[in-house]
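Structure, as structure tokens:
The values are calculated or read from the model by the stated rules, or taken from the named source; none is laboratory data. What you see is a predicted model; the values in this text were computed from it and never measured. Cβ atoms come from the backbone with ideal geometry, glycine included; neighbour counts cover every protein chain shown. Protein only, heavy atoms only, side chains kept; ligands, DNA and RNA dropped before computing areas. Shrake-Rupley method; radii C 1.70, N 1.55, O 1.52, S 1.80 Å.
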Amino acid sequence: MTQETDHLSLWRQVEKTPTTAIKPADVDGQKIMTLDQIYVIQLATELFGPMGIGWGYRIEDERYDQGAPILDAKTGTLIAQEQTHTVRLVLWYRWQGEKGEVTQFGHTRAVYRTRNGHWKTDGEAPKKSVTDAIKKCLSLLGFAADVYGGKFDNTGYLQERQAETELEQAEDYDAALQEKRDEFKAWLEKQCGGFGMIPHPASIQKVLKIQLEQLPRRASIARLDEKAQQVAGEKLNSAAEEAINKLRQARAAEKAANETPKERNHG
């Protein structure tokens with residue numbers, strides 16, 4: 001499949017986000033990951049060209065919408081209403097010689113009551129709404145798809161992206177990569193050795209299943225190829241099988257030792 005016919009070509013280039021471009025935030029009591037606006041703007045510029053030439057936007061609509069009503073706690077009468085700033089923004093871009101457009105809305109609380117009961121007016125609400133709409137438009141093209149898709153809520157994915165970011169920003173890439181591979185080797189040896197400390201075959205199988213599920217992510221962090229990953233999987237399986245066999249042999253020996261002479265003769 002050529003780049004011209006691969007409809008996910010752009011998406012694959014922009015879907016993964018470095019951990020330096022995100023940060024946790026508390027929005028109305030909800031824990032979320034926020035995306036750095038400069039990161040996506042710079043990435044769009046790298047791919048499409050300078051804003052205004054390779055890509056840009058226009059505002060199709062702008063307004064203030066009435067938000068939640070604020071009622072008097074004693075009488076229940078309407079005191080005021082919050083205000084939300086809204087823009088409808090069209091983002092255009094040039095890709096492989098063609099011009100495309102996507103549309104999204106951006107919203108920002110402009111006048112609202114805080115948790116402490118104080119009224120606040122955000123004078124930068126229009127700017128924030130534009131930024132919100134730009135990021136949403138770019139997300140439709142695949143920009144930071146892992147953030148918007150909720151992958152960063154997964155601890156394993158977050159660790160993988162953190163490792164990728166460290167490698168990309170390392171002054172000595174080869175040394176940093178070797179460090180990740182040494183960490184993988186140490187993890188593998190620890191897991192293989194740990195099977196001997198588990199007292200039940202069924203528990204060994206459960207632990208093995210978890211380790212095999214973790215293996216692809218850990219191998220990806222160390223940038224190991226498919227063959228190296230397969231070898232690591234075989235080591236885990238062999239170590240687990242060896243530990244199970246030792247448990248069975250020990251139990252057989254214990255059973256034999258506890259048998260009476262009559263039982264042994266009968267056997």
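List of remarks:
- In nm, spacing of pseudo-spin labels at Gln37 and Gln81 (7 Å Cα→C-beta vector): 2.7
- Over all pairs of different C-alpha atoms in the stretch 129-205, the reciprocal of the mean inverse distance, the Kirkwood hydrodynamic radius, equals 16.1 Å.
- Neighbourhood net charge (12 Å Cβ-Cβ; Lys/Arg +1, Asp/Glu -1) for Lys16: -2
- Considering only Cα atoms, the convex hull volume of the chain works out to 256 Å³ per residue.
- Extension gain, His118 back to Tyr157 (0.36 nm per residue minus Cα-Cα distance, nm): 10.1 nm
- Surface share of carbon and sulfur [accessible, 1.4 angstrom probe, percent] for the chain: 50
- Ala68-Glu101 FRET efficiency (beta carbon distance; Förster radius 30 Å; 0.05 resolution): 0.35
- Rounded, prolate or oblate (a/c below 1.5 giving rounded, otherwise prolate when a/b exceeds b/c) for the stretch 55-188 by Cα gyration tensor: oblate
- Loop-located trypsin sites (Lys or Arg not before Pro) across the stretch 89-123 with a Cβ neighbour count of 16 or fewer within 10 Å are Arg115, with loop assigned by DSSP.
- Solvent-accessible area per residue for the stretch 62-196 (1.4 angstrom probe, square angstrom): 59
- Shape category assigned to the stretch 61-129 from the gyration tensor of Cα positions, a/c cut at 1.5: prolate
- Sequence-distant residues sharing a close amide H with Gly67 (under 5 Å, placed H): Glu82, Gln83, Thr84
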